[in-house]
Amino acid sequence: MKKILLILSVICASAVAAQAKLNVVATLADFGSIAKEIGGDKVDVTVMAKPTEDPHFVDARPSFVVQLRTADVLIDGGAELEIGWLPPLLQNARNPKIEVGKPGRVQASQGIRLMNVPANVTRAAGDVHALGNPHFMVDPIIAKTVAQHIAQSYSAIDAANAASYDANYKKFEATINAKLQEWGAALLPFKGQNVVAYHDSWPYFAHRFGVNIDIFLEPKPGIPPSPSHLVEVIAQMKAKNVKVIIVEPYHDRKIAEKAASATGAKVIDFSQFPGGIPGTESYVKLIDALVSRLTAAMK
Ligand SMILES: [Zn+2]
């Protein structure tokens, strides 16, 4: 028996040594993109949702539970972003390493000041932003904070590679800082312009770059547009001379086109997630694409 235990412990020890890479799971592609940038070749990153899926309503696949069960690190949005699909999967996975409060759990919303926090929390009407707006990653300054949390989590679990994670974070930070100048300059001529969005996914982006994105085709986040609401939106669009309507891959583009044809506005495809629209495989490329699509449409 002792011999068997000894052999087992040798096998276990070598398994730990061979498993050099951290097994990282990200709920969504924006967290996944940054998780890869910070981890480099020291991590394997799995993203659960497709970049073209609605982050509030992701189809849970059986493979998700297996991914969560074997994760060293889980990165999710928090602020109830994934409340409709993640909690039961976590319950089934039973992985203590990724419980809230453990170094293996990065809830991106930790330490982020959420916008549009309602005075009274109510989900009764089906509002999916009951704790405040959870779509903060499209603000590049917030993305830097989340990247730093990810680097801290990796370093806590894998101290041997802490210097590498820190260096990758500093590189990401420097890239964002340089890009912010460029993005800000491109959008400056459109300061104060009004843009309509299908869903309230863009308050942080709008706030960062000085445009107004506070008219929505959805009457409430997560509630499909109704004909009476559309009449109201079209009237507001005419009054505010709105030229652009933003839709995401999982929205009903035809409804946006109806409002566009009634007002002479253009519909443009946007995504919160790297890979959700063509040519956006990294976080920085995504923001590049959003800025160039928006400026082209507002001209
Ligand atoms: Zn939302």
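The values are calculated or read from the model by the stated rules, or taken from the named source; none is laboratory data. Note that the structure is a prediction, hence the values are computed from the model and not measured. When we count neighbours, we look across all protein chains shown, and the Cβ atoms used for this are built from the backbone with ideal geometry, even at glycine.
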- Message: Only one of Ala147, Ala156 is surrounded by 18 or more Cβ atoms within 10 Å (Cβ to Cβ), more than 16 Å from the ligand (Cβ to nearest atom) and part of a helix (DSSP H, G or I). Can you tell me which?
- Response: Ala147
- Given Ala256, Ala235, Ala260, which one is free of Cβ contacts under 8 Å to residues at least 12 places away in the same chain and away from the ligand (no atom under 16 Å from the Cβ)? Ala235
- Message: Quick check on Ile176: is it within 19 Å of Ala256 (Cα to Cα) and surrounded by 14 or more Cβ atoms within 10 Å (Cβ to Cβ)?
- Response: no
- Close pairs (6 angstrom Cβ cut-off, 6 or more residues apart or separate chains): over 17 Å from Arg208 (Cβ atoms) in the stretch 128-139, at pLDDT 95 or above and near the ligand (Cβ under 7 Å from one of its atoms) anywhere: Val128/His56
- Note on the structure: Checked pairs for the stretch 186-208, first more than 22 Å from Glu218 (Cα to Cα) and in the same structural domain as Tyr250 (by TED's automatic domain parsing), second of a type outside the set (Gly, Ala, Ser) and within 16 Å of the ligand (Cβ to nearest atom), C-beta under 6 Å and 6 or more apart or across chains, list as Arg208/Asp139
- Message: Considering only residues that are more than 16 Å from the ligand (Cβ to nearest atom) and not small (Gly, Ala, Ser), which ones fall in the stretch 183-201?
- Response: Trp183, Leu187, Leu188, Pro189, Phe190, Lys191, Gln193, Asn194, Val195
- Item | Residue selected from the stretch 159-173 under the condition of a type outside the set (D, E, K, R) and free of Cβ contacts under 8 Å to residues at least 40 places away in the same chain, by the criterion surrounded by the most Cβ atoms within 10 Å (Cβ to Cβ) | Ala162
- Message: Restricting to the stretch 47-65, name every residue that is in contact (Cβ under 8 Å) with a residue 12 or more places away in the chain and either within 13 Å of the ligand (Cβ to nearest atom) or not in a loop (DSSP other than H, G, I, E, B) (or both).
- Response: Val47, Glu53, Asp54, Pro55, His56, Phe57, Val58, Phe64, Val65
- Query: From Lys102, Lys170, which residue is assigned by TED's automatic domain parsing to the domain that holds Ala29 and either touching a helix residue (DSSP H, G or I) at 6+ places or on another chain (Cβ under 8 Å) or within 16 Å of Ala79 (Cα to Cα) (or both)?
  - Reply: Lys102
